[in-house]
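What follows is a set of notes on a single structure, which appears directly below.
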Amino acid sequence: MNKELTSWYSPSLNKEMPIAAYGDYGFALLLVPTAAADYLEYERFQLMKHLEPFINAGQVKVFSIDSINNESWLNNNIEPWMKSVRHQQWNNYVFEEVVPFIRNNTSAETPVITCGASFGALHSMNLFLKRPDIINGVIAMSGVYDLTEYTKGHYDDHVYFNSPIHYIPNLSDHSILEQIRRSKNIHIVTGSGSYEDPGASGRFAKVLYDKGIWYELDVWGEEWPHDWDTWRAMLPHYLGTKF
């Protein structure tokens, strides 16, 4: 499995941001880390090893990026409004820097699918829904889609516009809705075991349904907890059966 590490100084974030790429060909899978983790988290927890057959077969090329949750929602040393501003800067980094980087390392026609587990599921879903013109789908594992779960009571425009369960019911732009509706890769998957919240996935799926947006809601059983064993099974399953 070919692996390449790259970094650049991000104008959006005013800091050096690394990215790991695995493979050579296939659609682009953009991995968003969980909670306070970094761009090598999925490799450390052996998920990349489970994806290796798909990567080596040229089915998928994986790009894994850093989160900045420690500088935004998980940073208790700054004012809440600064957390939301910092998160918006991270969105800009993905849209204006990471996606072009992926295009330059694949092709303009290569589909880009976001993916993440836990807090990364919310971010990956939000990235797709905000920019369906440049992102083609999402695999969201074990997520909640209400950003206020992480904001300690703070609520402002940045929170609203990055919390899918809040802004999607009010989304009325027909062109954006049609771009979202054209995707056949909106996958919401969750376990039902310890620390999972399948109800959160169900509530968000209902929001999409009410907007006429196709999705797949896949609720696994109680033997699947909110942990890496679950995600190491989920993501290869989806790559093997849905792509």
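The values are calculated or read from the model by the stated rules, or taken from the named source; none is laboratory data. This is a predicted model, so every value here is computed, not measured. Glycine gets a Cβ as well: all are built from the backbone with ideal geometry, and neighbour counts include every protein chain shown.
For region 112-140: of the residues being crowded, with 24+ Cβ neighbours inside 10 Å and among the hydroxyl-bearing types (Ser, Thr, Tyr), which is nearest to Pro198 (Cα to Cα)?
Going through the qualifying residues, I end up with Ser124.
Can you report the number of residues in region 19-56 which are among the hydroxyl-bearing types (Ser, Thr, Tyr), buried (at least 21 other Cβ atoms within 10 Å of the Cβ) and touching a Ser or Thr at 6+ places or on another chain (Cβ under 7 Å)?
2
From the list Trp90, Trp73, pick out the single residue that is part of a loop (DSSP other than H, G, I, E, B) and under 20 Å from Val144 (Cα atoms).
Trp73
Would it be correct to say that His87 is surrounded by 22 or more Cβ atoms within 10 Å (Cβ to Cβ) and in contact with a Gly (Cβ under 7 Å, 6 or more places away or on another chain)?
no
What about Pro169, is it assigned to a loop (DSSP other than H, G, I, E, B) and either buried (at least 20 other Cβ atoms within 10 Å of the Cβ) or not hydrophobic (A, V, I, L, M, F, W, C) (or both)? Write out each step before concluding.
Working: assigned to a loop (DSSP other than H, G, I, E, B): no; either buried (at least 20 other Cβ atoms within 10 Å of the Cβ) or not hydrophobic (A, V, I, L, M, F, W, C) (or both): yes.
Here the answer is no, as Pro169 does not meet what is asked.
Among what's in region 1-34 and is part of a strand (DSSP E or B) and of a type in the set (Ser, Thr, Tyr), pick the residue that is farthest from the chain's Cα centre (by Cα).
Restricting to residues being part of a strand (DSSP E or B) and of a type in the set (Ser, Thr, Tyr), the top hit is Tyr9.
Given the residues Arg203, Arg182, which is the only one that is surrounded by fewer than 18 Cβ atoms within 10 Å (Cβ to Cβ) and either modelled with pLDDT under 95 or within 29 Å of Ile55 (Cα to Cα) (or both)?
On inspection, the qualifying residue turns out to be Arg182.
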